[in-house]
1. Given the peptides 302-315, 63-76, arrange them by the average over their residues of other C-beta atoms within 10 Å, most packed first.
2. Using unit Cβ charges (K, R positive; D, E negative) and no other charged atoms, how large, in debye to the nearest 20, is the dipole of segment 377-448 about its Cα centre?
3. So what are the ³J(HN,Hα) numbers for segment 286-299, from phi and the Karplus equation (6.51, -1.76, 1.60; θ = phi - 60°), rounded to whole Hz, Gly and Pro as x?
4. Would you grab the residues whose amide H sits under 5 Å from the one on Ser93? Only those 5+ places off in sequence or on another chain, please, with H modelled 1.01 Å from N.
5. Under the rule of at least 5 residues apart or a separate chain, name every residue whose amide H is placed under 5 Å from the amide H of Leu169.
6. Between Lys421 and Asp268, what is the label-to-label distance in nm when each label sits 7 Å out along the Cα-to-Cβ direction?
7. When the Karplus curve 6.51 cos²θ - 1.76 cosθ + 1.60 is applied with θ = phi - 60°, which whole-Hz ³J(HN,Hα) does each residue of segment 60-76 get, with x for Gly and Pro?
8. Computed from these coordinates, which is Cα extents along the principal axes in Å: (1) 69, 52, 45; (2) 92, 56, 43; (3) 87, 65, 39?
Amino acid sequence: MTEDLFGNITPAPSKGGSLANVPHDAPLAVRLRPRTLDEIVGQKHLLGPGSPLRRLAEGQPMSVFLWGPPGVGKTTIAAVVSHTTGSRFVELSAVTAGVKEVRAELDRARAELARGVKTVLFIDEVHRFSKAQQDVLLPAVENRIVTLIAATTENPSFSVIAPLLSRSLLLTLNPLTADDMAVLVDRALTDERGVRTPSGGLFHIDEDARANLIQLGGGDARRVLTYVEEAAATATAVGSDTITASILSQAVDRAAVRYDADGDQHYDVISAFIKSIRGSDVQAGLHYLARMISAGEDPRFIARRLMILASEDIGMASPQTLTLCVSAAQAVQMVGMPEGRIILAHAVIACATAPKSNAVVSAIDAAQADVGGGKGGPVPPHLRDAHYSTASSYGHGVGYQYAHDFPHGIAPQQYLPNDLKDAEYYVPTDHGAEAQVKERMPVIEELLGRRSSGDSN
């Protein structure tokens, strides 16, 4: 027995995939899951003749990573490939499955392959697998024991080990358009697998309700179909066969849903959160923090974003703010919720009210741009490693000036490679504590011999 993404218990995987024998009382999003590639809504850029998905569905052995936001068809594509190739369909979630479960399914796949039955192994949220868990998949992918279809909402380049990614295709899925959402709404109301009145008739929907559904769906197929199902249930409860805007509002109860921890709004809210704090609006920062907490966002994610912001947007204008955010992240980890909300609020208020400077990120960006552009010659000889006996014969370390032998602890010598000796990456602002750094920089530059006392900063 297995549990699908909606918590429904279904029999063990069988030939033909998860599209066979869907219970009539399964959620609408499950009942309406496309059975062929042609029924898939959206993702036209991946479904053309000769495309990887077409070849995969035709039985060409390959493994793929599907990268895209929630509700755009990642699970559907895996199920369709399994169904059209007559393969076993096994679905695992990286949230709940460990190495033991993965090994067990791979052993089963080997046994089935010996009987001539192929297996499509679908792993949802694969970015949550550790390196060790991903390593377990390598031999099975390389030897084609399974067709791996892995879904992720995060960039696989950063979350998936390179050996596994290099043995697979990476396909990017796009959010569904308004036209795509309209197709789904109409299909839910007219398809034989869709919603029906108690007498078996069709539901009608007025234009306002239809437009609201498409907007509320936010490019997420699962979400819009869930709303249709709830709206039909509410219409039935009030004895109507028409879904109106009023009925939809009652059904969704959160018809003005502004945040969904697993949906597209997740990215909008965290973006507004960071931009509000960067803009020093403490009230807005607390508002978006409250929305994320209420929606069940992982507090560790919030704490990580605050640490990044403390360096990127505050930096040397208030260097102690990063320390505060690191302490907040550790405290949230130890204390947990709901008390952790107070600690996060503490960090938000500190970040929002701190003086701001992006001089640090501008400095490292400029330095990396030079390195990326091929600049940066040999390390000056006097700075090279001189701990071995023959170093001086190569000129390594010869002429090095020990900083602590000089006034102010600053030795006047060249530290940068010759082609960058006049580079200036860090330009402090006059915001907060960084104003003091700005006053000191000309003095430091003069003591280094990089600038005369008459030069301006």
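Each value in this text was obtained by applying a stated rule to the coordinates, not by laboratory testing. What you are looking at is a predicted structure, and each value in this text was computed from that prediction instead of being measured. Neighbour counts are summed over all protein chains in view; Cβ atoms, including those assigned to glycine, are modelled from backbone coordinates with ideal geometry.
1. On the way: 302-315: 21.3, 63-76: 23.2.
Sorting 302-315, 63-76 by mean packing, highest first, produces 63-76, 302-315.
2. With only Lys, Arg, Asp and Glu charged at Cβ, the dipole is about 260 debye.
3. In residue order, the calculated couplings are 5, 4, 5, 4, 4, 5, 5, 5, 4, 7, x, 4, 5, x Hz.
4. Amide H to amide H, under 5 Å and 5 or more residues apart or across chains, Ser93 pairs with Asp124.
5. Ser63, Val64, Phe65
6. Spacing of the two 7 Å Cα→Cβ label points: 5.6 nm.
7. Each residue of segment 60-76 in turn: 5, x, 6, 10, 9, 10, 9, 10, x, x, x, x, 10, x, 5, 5, 4 Hz.
8. (2)
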